[in-house]
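K.L.:
Here's a structure for you.
FYI, it's all coordinate maths here, none of it is from the lab. Predicted, not measured: the structure shown is a model, and the values here were computed from it. Here Cβ is always computed from backbone atoms with ideal geometry, including for glycine, and neighbour counts include all displayed protein chains.
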Amino acid sequence: PAVEFGLEAPFEIEYRDAVGSTNDRARELADEGAADVVVLADEQTGSRGRLDREWSAPSGGVWLSPVLRPDLPPAHVPALTLAAAVATTDAAREAGVEAEIKWPNDVLVAADGPDETDRGGRKLAGILTEMEGEADRVSWVVVGVGVNANVAAADLPAGATSVEEEVGRIDRRAFVQRLLERFDALRSDPEAAVEAWRDRSATLGQRVRVETPKGDVVGEAVDIDFPGALVVETDDGERVRVHAGDCEHLRP
Ligand code: BTN
């Protein structure tokens, strides 16, 4: 319960020292009918990233998965993912890390130079959203957030960083509290979530290549449209809306 964990979060907290994947545990709870519960773990032994990738989740991170039952059509769920990215970015900034968001939902430390190693910034956090529902209404949504918080450099995958690496170790309770409060405020206001995302974007204004199921889209990222599509202006001046895919920031 929230009280035991010492959080006054707007969600009930199920805390585990170790779990396979907080998303998998959250999905179990969702199948049992739970709502507004957050599964939180110190360590995950089988955590999952986007596009079936592995995600490293050693002890010391912030690994959490809220179970939500929003009154939304499935098409609007990407706005919840953006809301989580904004909440994570704001919690990181309050901890002193200069964080920004790479479309759609990678939280990066702002690139600080033209050095090759800084290109695109180092990854601080990622989000894996999963849902179930009908065509017009979702049944549940699990928004899995993984933040490399108190994780030492030696335990990070290539291209990643942690709050500890950037500014030193933090009080994870306070970090989780801020993140969940911010997320709670934005989840009921998807339009505001998209606006806030725009303000924190590392992607807008960049030349990008987005790998989509229909092929690569290359051009300038000019905007984000509700509920989370990236608008890319290609070299022949066409504006393409991309709903999902892997985004790479290219050098100008
Ligand atoms: C990504 O590929 O960038 C998304 C990573 C998402 C990792 C988080 S950690 C908490 C939750 N549980 C999981 O198994 N995955 C997500």
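K.L.:
Give the order of L179, L156, L128 when sorted by the count of other beta carbons within 10 angstrom, beginning with the fewest.
P.N.:
Arranged by neighbour count, lowest to highest, L179, L156, L128 become L156, L128, L179.
K.L.:
If neighbour count is taken as other Cβ atoms inside 10 Å, put H249, H76 in order from fewest to most. Kindly include the intermediate steps, with their values, before the conclusion.
P.N.:
Details: H249 19, H76 15.
Ascending number of Cβ neighbours within 10 Å: H76, H249.
K.L.:
If you plug each phi of segment 61-71 into the Karplus form 6.51 cos²θ - 1.76 cosθ + 1.60 with θ = phi - 60°, what whole-Hz ³J(HN,Hα) values come out, in order, with x for Gly and Pro?
P.N.:
3J(HN,Hα) across segment 61-71, in whole Hz: x, 10, 10, 9, 9, x, 9, 10, 10, x, 8.
K.L.:
Please work out the ratio of the alpha-carbon Rg of segment 67-171 to 2.2 N^0.38 Å and round it to two decimals.
P.N.:
Dividing the Cα Rg of segment 67-171 by 2.2 N^0.38 Å gives 1.20.
K.L.:
Could you list L82, L230, L7, L250 so that the one with the fewest beta carbons within 10 Å of its beta carbon is first and the one with the most is last? Kindly include the intermediate steps, with their values, before the conclusion.
P.N.:
Details: L82 29, L230 24, L7 21, L250 13.
By the 10 Å Cβ count, ascending, the order reads L250, L7, L230, L82.
K.L.:
Using the C-alpha atoms of the chain, what convex hull volume per residue, in cubic angstrom, is computed?
P.N.:
Values: hull volume 30.3 nm³, N = 252.
With only Cα atoms used, the chain gives 120 Å³ per residue.
K.L.:
Once you have the Cα-Cα distance between A135 and D184, take 0.36 nm times their residue separation minus that, and quote the gain in nm to one decimal.
P.N.:
Values: separation 49, 0.36 × 49 = 17.64 nm, distance 2.48 nm.
Here the segment from A135 to D184 would lengthen by 15.2 nm.
K.L.:
Report the one residue of P157, G144, M131 whose Cα lies farthest in the direction of the positive end of the charge dipole of the chain (charges on C-beta: Lys and Arg +1, Asp and Glu -1; origin at the Cα centre).
P.N.:
P157
K.L.:
Compute the distance in nm between two label points, each set 7 Å from the Cα along the Cα-to-Cβ direction, one at V218 and one at E195.
P.N.:
Output for this residue pair reads 3.7 nm.
K.L.:
Counting only helical runs of four or more DSSP H residues, what would the 222 nm mean residue ellipticity of the chain come to if each run contributes -39,500 (n - 2.57) and the total is spread over all its residues?
P.N.:
On the way: 6 runs with 62 residues, N = 252.
Helix contribution divided over all residues of the chain: -7500 deg cm²/dmol.
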